[in-house]
Structures are given as structure tokens and as C-alpha cells.
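Since the structure comes first, as C-alpha cells, the remarks are kept for the end.
The values are calculated or read from the model by the stated rules, or taken from the named source; none is laboratory data. Note that the coordinates shown come from a computational prediction; the quantities given were computed from them, not determined experimentally. Backbone-built Cβ (ideal geometry, glycine too); neighbour counts: all protein chains shown. These area figures cover heavy atoms from the full protein model, side chains too; ligands, DNA and RNA do not enter into them. Shrake-Rupley method; radii C 1.70, N 1.55, O 1.52, S 1.80 Å.
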Amino acid sequence: VLGLENIVETDNGNKLQKVVELLIAIRNEARANRDFATSDHIRDALKEAGIILKDGKETTEFVLEG
């Protein structure tokens, strides 16, 4: 998605990125299985934590809010 960038720095940022990527993978699997309740729950929980998911045609990216 144009204009988006993962804002992740330092070793803690790498850990955060890995955790978010794991959650995105779980969410994508839920979406593929048409388990939209789980998919929405993951998206909403990440948003509440200040992590915004951006779904593209073939990938999901994230940005940190604020």
C-alpha cells in the first residue's frame, strides 16, 4: 500500500514486528477460513494497542499509531 511504512526500530522493534507478523498470519488464516469474528477480534485488539493493520490485495501491513 502506497505511503505506508513499518515504523519499527531497535531490537525491541524487531520483537514487536515478529509478534505482529505472527498475529497477522493467524488473522489471515482466520479470514481464509471465513472466521471473521476471530479476524476482527485480532484487528480490533491490535488497534486498541495502537497498531493499525492495512490490508492490501496480497499482503497485510501495519503501522504504529501516533
**Request:** Give the residues of the stretch 17-53 that are open to solvent by 50 Å² or more (accessible area, probe 1.4 Å), charged (D, E, K, R) and farther than 18 Å from residue 66 by Cβ, sorted by residue number.
**Result:** 18, 21, 29, 31, 34, 35, 40
**Asked** Taking only pairs six or more apart or across chains, which ones have beta-carbon atoms under 8 Å, a first residue in the stretch 42-66 that is under 17 Å from residue 18 (Cβ atoms), and a second residue that is open to solvent by less than 80 Å² (accessible area, probe 1.4 Å) and part of a loop (DSSP other than H, G, I, E, B)?
**Response** 61/4; 61/6; 62/6; 63/4; 63/6; 64/8; 64/50
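Going by the structure shown, is residue 8 modelled with pLDDT under 95 and touching a Gly at 6+ places or on another chain (Cβ under 7 Å)?
Values: modelled with pLDDT under 95: yes; touching a Gly at 6+ places or on another chain (Cβ under 7 Å): no.
Taking the combined requirement at face value, the residue does not satisfy it.
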**Request:** Please work out which one of (1) surrounded by fewer than 16 Cβ atoms within 10 Å (Cβ to Cβ); (2) at pLDDT 95 or above; (3) of a type in the set (Gly, Ala, Ser) is the condition residue 56 fails and give its number.
**Result:** (2)
